[in-house]
1. With θ set to phi - 60°, apply the Karplus curve 6.51 cos²θ - 1.76 cosθ + 1.60 along region B:288-301 and write out the HN-Hα couplings as whole Hz, x wherever there is a Gly or Pro.
2. Enumerate the amide H contacts of B:V431 below 5 Å, restricted to partners 5 or more residues apart or on another chain; note that Pro and chain-start residues carry no placed amide H.
3. Compare the Cα positions of B:T572, B:V695, A:C54 along the charge dipole of the protein assembly as shown (+1 at Cβ of Lys, Arg; -1 at Cβ of Asp, Glu; about the Cα centre) and return the one farthest towards the positive end.
4. Taking just the C-alpha trace of region B:762-809, give me its Rg and Dmax in Å.
5. How far is helix A:82-104 tilted off the main Cα axis of chain A, in degrees rounded to 10, range 0 to 90?
6. Any idea what angle helix A:232-245 forms with the longest principal axis of chain A, computed on alpha-carbon atoms, 0 to 90 degrees, nearest 10?
7. So for region A:1-158, averaging the separation of alpha carbon pairs under 8 Å that are six or more residues apart and normalising by length, what relative contact order in percent results?
8. Measure up B:K761/B:K846; B:K102/B:K425; B:K131/B:K170; B:K441/B:K829; B:K585/B:K761; B:K102/B:K134 against 28 Å on the Cα-Cα distance and list the ones that go over.
Amino acid sequence: MLIGNSSSVTNRVLTIVFATAGITFGVVALAGAGALFGLWEWPPRPWSPFGVACGAVVGAIVFFEMAILPRKWLRGRRLGATVLWMQFHIWLGIVSLPIVLIHSGFGFGNPLTAITLALFLAVIASGLWGHIMQQWLPRRMLAEVPNETIAARVDFTGSYHAGEAARIIVELTGADEGHCDEIESDHPECPVPTNPGVVTGHTASELCWFAEKLLLPYLRSGRRSRSPLTARVEVERRFAEFRELAPEAAHPALRRLETLCELRRQWDSLVRLNYWLHNWLVIHLPLSVTMTGLMMLHAVRALKYW
Amino acid sequence: MSERTDALTGSATGREVESLFARDDDDHLVRRERETRARFREMVTVVIDGFPIEVPRAVPKTDAQGNPVRDTGGELVPRTTTIYDAAVALVNAHVWSESDLKHRIPVLCHQAHLSPVGMCRMCSVHISSVKRGKLTPGRRLVPSCQHRVERGMVVTTRAGLDGYNPATWKAADVEAVERFAAEVNSSIRVVAELLAADHLLPDSGTVKRYESELTRVARVAGVTAPRAWFARPAEAESRNRLHEADPRSRRIPLPLAPTPAAPEELEDRGACRAWEDWNRTVDERFPYSSRSVVVDHDKCILCDRCVRSCNEVKPFQVLGHTGKGYETRISFDLDSVMGDSSCVQCAECMVSCPTGALSLRRRVQPRAWPDSPTAIPQNPNTPFPTESGFLTADEMRDVWLAYHSPKHGPRVVFPFRSIPYAYLKWNEGAVRKREVVAGEKLVLYREGEYGSTAFLLQGTGLFHFYVGGSRSGDRPSFFGRLFGRKPSGGEGEFGRHVATRPGNQLVMGEMGCLTHQRRESTVVFEADPRVPALELVSAGSGWPVARVAAGGPPRAVVYEVTRNMLDMMQRTASFREHLDEVYTKRAVESSVRYGELCADLPAETREELAAFLLAGGRLEFRRVPAGQTIVAEGEPARDYYIIRLGTVRLFRTVSGRERVLSMRSRGQSFGAIGLLADDLRRWGALPRTSRNERVATVAALDPVEVVRVPGDVFHEMCRRFPAVHQALLEDAARRLSETAAGGPAGVLSEYARQGLFQGQKLLALDLNSCTRCDECTKACADSHDGHSRLLREGLRFGDFLVATSCRSCHKPYCMDGCPVDAIHRREGKLGVVIEDHCIGCGLCEKNCPYGSIQMVPRDPARSLPLLGEVPPLVASVGPRRAVNCDLCEGETPACVSACPHFAAFRIDGPALLDEVLARKQRAECV
């Protein structure tokens, strides 16, 4: 683990929170202690030598933190183990928080510094949020999605499963693939098939309608289809009904269809968890880049008028 | 499986069996009855040219390497014994010599490792049957390669009275034999004459690239020049023209584009031009050719060998037939140009072609060893480099080895004579000669290395074996070097000297080469002053013998050969037998010496124990195919087994379900509990009511080699070596107590099912901490030309995802059968490396059970032509190559190094199992 060695997620999250708080209060207390001994004034002023030194340290840390970006682009070059980079990235990021607070004199200053500081705090917060998510969500994913796949391929695999389901329906009902409306029944769009399958009559038309309207869209698009099959209970209920109506020979195929629904439900969870696992980066990365730009502007401006 | 189920009949498959155009299940247009295993035991006596020979009516079907083929139930697949098989049995019984056989029954379309089809009828013989004591002559000639043997069958070959058995001469009907032989001779001569008239054309190349079997067979049949009116009309159109059945749907006949220059020729403009010229010549005349093989339909006799090779030896099924009548020819896919078809250019068809209709266009450039020259020219017309001791095809043909067989005594073996010339030419650079003279020493191989080469010994020299030495890469530490310590020199660096063997052992290093395991010792060789050199002289039988050459300094010669060459040699039954003899003996020895039985014993006791077990040849070596049961639960305990290679699982069947108790692999043993049951009962480890029987079933998880120690030898060993007895008892009691405690059966079953026991470097992702960021995949792609060698998907084991990436298996299936030895391990590293001379046949991809090898297009930069632009046709049919995880060639693998969350590990199977079990235990405690 990058922070804490405990196998308990709660302990690791608490470690992150307490480490951040502890380091922040510790460093601030240390600076306060220095002020007590007369080494610098309190609250430190940003333009004082101590304040500028803190700013320089933070600037160096931020540049190091941003160096992780080119390091990713050059990952084929083996510039050290990534875990080491990540550990330094996280720890230095946490350490930079109290130093920035000291550098700012616990105030926001002019609009530029205020924006820079606000962005900095947002970057730190998003980073910590992301790190906490990374402790918590992988374990949830492990428990909730036993049949995991690559999140980016969920829709592709879902379409593949929809094709399989369509073939199963064709074999069960005898309808041509994609032409379930040939079956006639209570549903006006479903005529009786010319070559009936294992399931016939009203049940066939029900099954066909179910597949066309609910099952296949759900397998293709998951939750986005707004299908009632999103709920496991609903899936179980509907397939239990079909099993009651259909002959014994159709049960294995129906079980397979139910399994496909279950897989899709798991993968919806996977997509959702994956989103929460990585969405923090959408905030963290652009804010970091913007903050670094503003920090450089602030540094140039401050040094010019110092 | 019962005999009923395999005795398939035509009605069972809905096919006609007895009609004229009946086809078998493989769709061969041959009227043939399906064989049964019951006929393995039915013996018939056949008389060929007066020589009686008893053969079974069916024999086990074998693959190209001589391994028995088994059905899905693990049973041997039967094959009908043919007249030709009976004739071969006469050769094996040393009644005839091989040249005798070739003279009596010349064959053209038949090869031992292919299904017989009786296409060319060169092997025709006359058959008669004895009915009520009277000889009844048959009405027609039959192809001996395909016709089954029958009880009372009397066969007359073309040799007739000249080759008749002198012992039965008097009883023979001389007139009838002469008449039958004349019929056979006449038939064969006409066939040979017709084939020669139409297809025996001069070679188009400037150097010899193949040997024409048609020429040899025609010579045997006495055909020097075909009759004038048999000759092909001068105005007859070549079959090499591109056929345009429907111009709208067929390709416009384009000559093949200039072949890209070989990289080694780029600097030499003259060689480049010669290369281009040569390619252009071939392209214009043989438009069906590919970049590797020249296709000349005019030479094709439609013997079907290439088609069968593509379908039976290799699994590609690209070759078939097209056209009809005189226009019939072989075709790639639906009559595509070979280079544009789905052909992977493995050259198996070229190797099997008897007439040069499919011939070599470029060498393969094998580089099995690091000190190979930078390049072996691809153009077979380019002179071959001689500086590294590599042999040309002609030189390989002349290689001979003096071997002292434990069974048959001294004999001379020509290992490359049975290999088709085209294959030798294709693989020039795969064999090199290594020679030492008096006073010199040469290290053949080092302990711990993964060798992909074996060493054929010419017959002289002394070979010293060392174990426990420093590894080849060992150097003094930084401080050692600072204080002037040098790498240890002399014999000390090789370790402890354990044996010296003479050079008449046929082969060395074959165990590492064939089983893909580390070398077990370091071998250094030097010239033997007692046998300075050998020379060949002709013996009275016509077969050469080796004798000590007079004069000259002592020298020893060894030929280093790559694995694919060794595989090819094994297609010959005689060499296979010799190799098996050597291999079996050494396998038994190494199992005993390096197994766990001897592991903890003092050196002296170990030697005594090994000597006791190896004395008298009482131990039996067995190969067990994957899935087969070795011992069954409940059967009486008779033997003790030492595992030489592979992994077995021990399981009990409880309520119809298997409960895996443990797994045992190389060096370990099983079977002691049943044999030591009396002692274990006294110890209280077994219930008093138990019997001396197997407590578990043992089945092979992958191809396993075991050494069987008979029960009486085992008990004698226990009596003579009390320390071994005690150790065996303690081990047995411990295992029984573990079993009684109830292990994690589900985990073990899953471990076995997923094949994790194979892994030496599994890529395991801890899903508790993996954030699915895919950095591992991206890092792999970035470090390997954009082709990731891993897929972050696979089966879960505990909290781990075992990603689809090379596992560095104990038994690397991927290396089996590579036709150019492009895939192997180097030195002592575990990574499986695919060399640049991979021909992209895809066999390794197919063999890998874990889907870790991918086929990708070759680097486009390699396909750039030397002159002009790449025509779109050629550019679109870019060659492929196999890529695989090479564990980053010894560095920390990029996938592991790139993981930002301590989630990716390279770990071996047992360590992963331990980790999963430990976590399971922790979770249960919580």
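What follows draws every value from the coordinates through simple rules; no lab data is involved. Since this is a predicted model, take the numbers as computed values, not measurements. FYI the Cβ positions are ideal-geometry reconstructions off the backbone, even for glycines, and counts take in every protein chain you see.
1. 7, 5, 10, 5, 10, 10, 8, 9, 10, 5, 5, 8, 6, 9
2. B:L391
3. A:C54
4. In Å, with Rg to one decimal and Dmax whole: 10.8, 33.
5. 50
6. Computed tilt is about 10 degrees.
7. Values: 95 pairs, mean separation 47.9, N = 158.
This gives 30 percent for region A:1-158.
8. Values: B:K761/B:K846 20 Å; B:K102/B:K425 24 Å; B:K131/B:K170 20 Å; B:K441/B:K829 26 Å; B:K585/B:K761 31 Å; B:K102/B:K134 30 Å.
Violating the 28 Å Cα-Cα cut-off are B:K585/B:K761; B:K102/B:K134.
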